[in-house]
1. Multiplying the sequence separation of Asp139 and His57 by 0.36 nm and subtracting their Cα-Cα distance, what value in nm do you get?
2. Excluding Ala70 itself, what net charge comes from residues whose Cβ is under 14 Å from its Cβ, given Lys and Arg +1 and Asp and Glu -1?
3. Please find the FRET efficiency linking Asn122 to Ala99, where r is the Cβ-Cβ separation and R0 is fixed at 22 Å, and quote it to the nearest 0.05.
4. Over the range 2-150, what relative contact order in percent results from Cα pairs under 8 Å that are six or more residues apart?
5. Just the C-alpha atoms of the chain: what Rg/Rh do they give, with Rh taken as the Kirkwood radius?
6. Sorted by mean Cβ packing within 10 Å, highest first, what order do the peptides 133-142, 100-109 take?
7. Work out how much length Ala22 to Ala84 would gain on full extension: take 0.36 nm times their residue separation and subtract the Cα-Cα distance, in nm to one decimal.
8. Go through Leu92, Ser129, Asn62 and say which Cα lies farthest out towards the positive end of the charge dipole of the range 53-133; charges sit on Cβ, +1 for Lys and Arg, -1 for Asp and Glu.
Amino acid sequence: MEQLWGTVVATAIATRCGELTAAAVTRASEVLSPEVLEAAKAAAALMGMNNVYYRFHHLTKNDMYATLPARLRMSGLRGHAADAVDFELWCLAVSAVNACGKCVDSHEQVLRDKKVTEQLINAVVRVTSVIHAIGVVLDAERAVSTPAKI
C-alpha cells in the first residue's frame, strides 16, 4: 500500500496539478504514516531539482558541465522514513514524468541491483502514467472552464 500511495503522491506533485496533488495527499494521509507521506513529497522535490539539473546535462552538447560538481542539497535521499525500494520507485516515477533519461536510468539500475523485478517497475510506471494523464485532463478542464484573459 505504501508503494502505491507514495507513487500516487510523488507523481501527483510532479504533474504540477494543484487539484490532483491536494486530492492525492488528502487520500494518502489516510493510508500512509506522516513520515512516509513526507518521504513521498521529498522524493518529488528532490527529483524535481535533480531532473532539471541532469536533463540539462543531457540537452547540452558541452560535456564540461558533467565534470562540474552538482552541489545540490541531497540530504532527503538518506534522511527519510520510507522503505529504500519504495523511495527509489518514487524517484523513478517522478523522473519519468519529468523526462530525465539520466535519472530514469540511474534509479532503474539501483532498483534492479536491489532485485526489484521489471514487472514491479513497469507497474509503478503504469500508475505514474495514469496519474499524470489525470493531471493533464484536470488542468485542461480548468483552462476550458476559466475564461481566458488576453
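Quick note: the coordinates plus some simple rules give every number you see, no bench work behind them. Worth saying up front: this structure is predicted, and the values here are computed from it rather than measured. Cβ coordinates were reconstructed from backbone atoms using ideal geometry, including for glycine residues, and neighbour counts include every protein chain displayed.
1. Fully extending the segment from Asp139 to His57 adds 26.6 nm.
2. Taking every other residue near Ala70 into account, the sum is +4.
3. 0.80
4. Once divided by the residue count of the range 2-150, the mean separation gives 35 percent.
5. Computed over Cα atoms, the ratio is 1.00.
6. 100-109, 133-142
7. Contour length minus the Cα-Cα distance gives 19.8 nm.
8. Highest projection toward the positive end goes to Asn62.
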